[in-house]
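Written below as structure tokens is the structure these notes are about.
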Amino acid sequence: MVKRFSVPRGTCDILPENVMVWQDIETKARQILHTYGYKEIRTPIFEETELFARSMGQTSDVVQKQMLSLQSQKKSDEQDLDAGGLSLRPEGTASIVRSYIENSFDKKENLSKLFYLGPMFRGERPQKGRLRQFHQIGAEAIGPGSASPYLDAEIISLCVNILKSFGLNNFKLKINTLGSAQDKESFSKKLRDAIKPQVTALCEDCRQRFERNVFRILDCKNESCKNIIRKVNISDDYLSAESKEYYVLVKEALKNLNIEFIESPHLVRGLDYYTHTVFEISDSSLGSQDALGAGGRYNNLVTQLDGPEVDAIGFALGIERILLAKSKDPMPAPRKLDAFIVALDEKSLKEAFQILNFIRLAGVSSDMSFKLSSMKSQMRLADKLGAQSVIILGENELSRECVTLKNMQTGNQEEVSINNKDYNQLSKLLLERHS
Ligand code: AMP
């Protein structure tokens, strides 16, 4: 038996009937991001594994459990492809910051506003809304000019407005602040003191998190850990006066933009690089994987990766989750074809192929059946493709150097000249009809 292949677990094909929804999302997102002054950047889908480990944190779940690393057939001249050296990108921020530093963006502009769109990869256990290859729309604002609470508000409102442009309205925005790197240290100590008496009741993973990075306990999905965490009182006394003031300004700016948010002291986000504002947008109708997107400030990441001392903030939205949230929407109508050419014999087929190529170059979306078959079956195909007009070409038409043009909506037919193989009149008519 010959093996029949399937799409790898946790990935999926985006079939032609669904591709329009994707294109619609991508177009709308690009338009909005451009209006806010963000420019698209495309980085490779794999990077050095160490880049992700150094930026997301060696102890983060993504780096510890979900990295998909490349393995090569070790040839002597391809040592850089050795197992563990390179990994598929699990997120976009690390790559964008790598590129920012490598291309000295800081020497060119005070504030770099960049966005990306593309696939990300994580070796997770697949379930509804959780894939091994998924797609994100993300934006980052990096540079000395990024140190402003208004930019935090811009990034959050951009995220909210992109979701609204997709017709989503039933989502919740949660925000919190982690404060500066120093505040985060004291937050970590306070959290550790509060959890310590119950550490033995935590799950195995959280007992390790307690030692390595206590914040991650707040993200644990285990019910008993959630119960313990729920009872931990988190006050904002770990924040410096400066950090408090910064957060007040962010909230004020959001209120002035009429953006509703819920303050959530338990929201810390699982990655090491976050400082100050963090946020998450979720839609409860999605079940356990309810996050549509998330983001936050990461003021120390650029220096941590040996770049200049500049601040930064960003977000990422998951396209598959957006589609799940939108799945109650009717599918957009499939694109229609302007014209379909029906050829009734070999000689007509030859000419029909020339006409097809001529009108296509003129901008008429069109097609034909490339093999001869009955008029009835060709008309059926034209109908299936949603053709607005049908061009009929047979012995009769050829002898009179014309085609029969049928309007499929009205049923009206007319003859159009193709004298001396001049197809201009035909393509002009079609363009007028379908403009
Ligand atoms: P994160 O970097 O984990 O905060 O991811 C940002 C967004 O990407 C999430 O809010 C989800 O919408 C989406 N996302 C993350 N991981 C996955 C996954 N495994 N499958 C599908 N979407 C995901």
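The values are calculated or read from the model by the stated rules, or taken from the named source; none is laboratory data. All of these numbers come straight from a predicted model, not from anything done at the bench. Note that each Cβ is placed from the backbone with ideal geometry, even for glycine, and that neighbours are counted across all protein chains shown. For the accessible areas, the whole protein counts, side chains as well, though only heavy atoms, and no ligand, DNA or RNA atoms are used. Shrake-Rupley method; radii C 1.70, N 1.55, O 1.52, S 1.80 Å.
Ordered by solvent-accessible area of protein heavy atoms (1.4 Å probe), largest first, the residues PHE279, PHE105, PHE5 come out as PHE5, PHE105, PHE279. For the chain, the longest principal axis of the alpha carbon atoms and the long axis of helix 149-165 meet at an angle near 40°. For the residues GLY92, GLY270, GLY296, a GNM of the chain with alpha-carbon springs under 10 Å puts the largest fluctuation on GLY270.
Using a 1.4 angstrom probe on heavy atoms only, work out the carbon and sulfur share of the accessible area of region 294-435 in %. Exposed carbon and sulfur together represent 51 percent of the surface. With a 1.4 Å probe rolled over the protein heavy atoms of all chains, the accessible area of ASP283, ASP290, ASP13 falls in the order ASP13, ASP290, ASP283, largest first.
Antiparallel beta bridges, as assigned by DSSP with both residues in region 222-332, represent about 100 percent of the total such bridges.
Taking a straight line from the alpha carbon of LYS108, these lysines sit under 26 Å away, with near neighbours fewer than eight places off in the same chain left out: LYS39. Legend: residue pairs LYS221/LYS326; LYS164/LYS251; LYS184/LYS328, Cα-Cα distance threshold 29 Å; pairs beyond threshold, LYS184/LYS328.
Every helix of 4 or more DSSP H residues in the chain counts as -39500 (n - 2.57), and over all residues that averages to -11000 deg cm²/dmol at 222 nm. Peptides 417-430, 178-191, ordered by how many other C-beta atoms sit within 10 Å of their residues on average, highest first, read 178-191, 417-430. Solvent exposure of MET120, expressed as accessible area, is near 0 Å², computed with a probe of 1.4 Å over the protein chains only.
Of all DSSP beta bridges confined to the chain, the antiparallel ones make up roughly 80%. Sequence-ordered 3J(HN,Hα) estimates for region 315-332 from the Karplus curve with 6.51, -1.76 and 1.60 and θ = phi - 60° stand at 8, 9, 10, x, 5, 4, 5, 4, 5, 5, 5, 8, 5, 7, 5, x, 5, x Hz, glycine and proline given as x. Taken per residue, the accessible surface of the chain reaches 52 Å², heavy atoms only and a 1.4 Å probe.
Ranking THR404, THR303 by solvent-accessible area of protein heavy atoms (1.4 Å probe, all protein chains present), from largest to smallest, gives THR303, THR404. The apolar share of the surface of region 153-232, taken as the fraction of accessible area on carbon and sulfur atoms (1.4 Å probe, ligands and nucleic acids excluded), comes to 46 percent.
Axis angle, to the nearest 10 degrees, between helix 375-384 and the longest C-alpha principal axis of the chain: 20 degrees.
The lysine pair count for region 339-434, using Cα distances under 21 Å and pairs eight or more places apart or on different chains, is 15. The angle between the Cα long axis of helix 346-361 and the longest principal axis of the Cα atoms of the chain comes to about 40 degrees, rounded to the nearest 10. All other residues whose Cβ lies under 15 angstrom from that of VAL278 are scored, Lys and Arg at +1 and Asp and Glu at -1, for a net of -3. Each residue, ASP237 and GLN127, gets one label point 7 Å from its Cα in the Cβ direction; the gap between the two is 3.8 nm.
Taking the Cα centre of region 339-434 as origin and assigning +1 to Lys and Arg Cβ atoms and -1 to Asp and Glu Cβ atoms, the resulting dipole is close to 280 debye. Residues in region 316-347, backbone N under 20 Å from the label point at ARG400 (7 Å along the Cα-to-beta-carbon vector): list them, ranges by number please. So the set is 341-347. Accessible area per residue was computed with a 1.4 Å probe on protein heavy atoms; LYS350 scores about 150 Å².
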